[in-house]
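J.: For reference, the structure I am asking about is given below.
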Amino acid sequence: MRSIRKVRSANDSRLRRHLRVRKKVTGTPERPRLVVFRSSKHIYAQLVDDQKGVTLAGAADTSEGVQIEGKGKVARSFAVGKLIAAKAKEKGIAKVVFDRGGYQYHGRVKAVADGARKGGLEF
């Protein structure tokens with residue numbers, strides 16, 4: 001008799017990693033959570049206050065005001081990081097908690113973090 005083994009997709013594994021990180025990382029009004037989501041084509045970032053369950057600001061590579069310097073998805077991700085930092089500054093937010101969303105801290109996710117740091121956010 002064969003054993004039936006459930007095969008996890010890459011997205012299932014990412015969601016499990018994200019939940020594991022979310023046990024420790026929470027956003028407050030003073031220090032919201034900077035969440036990154038990446039699809040195969042686009043990248044998105046949000047500032048979330050977990051105590052109220054509210055999204056304070058959001059940015060994507062398709063948003064107005066994204067100034068891309070260079071080519072490729074990593075350059076777009078860096079621009080998204082700078083844009084979310086500018087939106088945070090408008091709301092008076094200087095410090096955030098970074099949530100990589102279960103993705104490896106590498107490539108586009110790292111570019112968003114670097115762009116946000118260059119934009120003036122601390123984490």
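The values are calculated or read from the model by the stated rules, or taken from the named source; none is laboratory data. Computed from a predicted model, the values in this text were never measured in an experiment. Heads up, the Cβs are rebuilt from the backbone with ideal geometry, glycines too, and the neighbour counts pull from every protein chain shown. Each accessible area value is taken on the protein alone, full model and side chains, heavy atoms only, with ligands, DNA and RNA left out. Shrake-Rupley method; radii C 1.70, N 1.55, O 1.52, S 1.80 Å.
J.: Check whether at least one residue in the stretch 28-37 is closer than 25 Å to E64 by Cβ and either exposed (fewer than 11 other Cβ atoms within 10 Å of the Cβ) or in contact with a helix residue (DSSP H, G or I) (Cβ under 6 Å, 6 or more places away or on another chain) (or both), and report yes or no.
T.: yes
J.: Pairs please, first residue from the stretch 74-98 and in contact (Cβ under 8 Å) with a residue 12 or more places away in the chain and of a type in the set (S, T, Y), second anywhere and surrounded by 16 or more Cβ atoms within 10 Å (Cβ to Cβ) and assigned to a helix (DSSP H, G or I), Cβ atoms under 9 Å, 6+ apart in sequence or on different chains.
T.: The qualifying pairs are S77/R108; S77/V109; S77/K110; S77/A111; S77/V112; S77/G115.
J.: Here are D61, D114: which of them is touching a helix residue (DSSP H, G or I) at 6+ places or on another chain (Cβ under 9 Å) and open to solvent by 40 Å² or more (accessible area, probe 1.4 Å)?
T.: D114
J.: Can you name every residue in the stretch 52-61 that is over 20 Å from K118 (Cα atoms) and not hydrophobic (A, V, I, L, M, F, W, C)?
T.: Matches in the stretch 52-61: K52, G53, T55.
J.: Looking only at the stretch 67-77, decide whether some residue is open to solvent by less than 80 Å² (accessible area, probe 1.4 Å) and under 21 Å from P32 (Cα atoms).
T.: Taking every residue of the stretch 67-77 in turn, at least one turns out to be open to solvent by less than 80 Å² (accessible area, probe 1.4 Å) and under 21 Å from P32 (Cα atoms).
J.: I would also like to ask the following. Within the stretch 67-98, which residues are in contact with a Ser or Thr (Cβ under 9 Å, 6 or more places away or on another chain) and not in a helix (DSSP H, G or I)?
T.: Hit for the stretch 67-98 is V97, nothing else.
J.: So if I check each of V80, V48, V25, V36, which one is within 22 Å of G120 (Cβ to Cβ) and touching a Leu at 6+ places or on another chain (Cβ under 8 Å)?
T.: Exactly one residue qualifies, and that residue is V48.
J.: Anything in the stretch 42-55 that is over 18 Å from H106 (Cβ atoms) and open to solvent by 50 Å² or more (accessible area, probe 1.4 Å)? List them, or say none.
T.: If the condition is that a residue be over 18 Å from H106 (Cβ atoms) and open to solvent by 50 Å² or more (accessible area, probe 1.4 Å), then Q46, Q51, K52, G53, V54, T55 are the ones that fit.
J.: Among (1) surrounded by 14 or more Cβ atoms within 10 Å (Cβ to Cβ); (2) within 20 Å of N11 (Cβ to Cβ), there is one condition K87 misses while meeting the rest; what is its number?
T.: Looking at each condition in turn, K87 falls short on (2).
J.: Just to verify a result, which residue in the stretch 17-66, among those that are in a strand (DSSP E or B) and small (G, A, S), is farthest from V97 (Cα to Cα)?
T.: The residue in question is A60.
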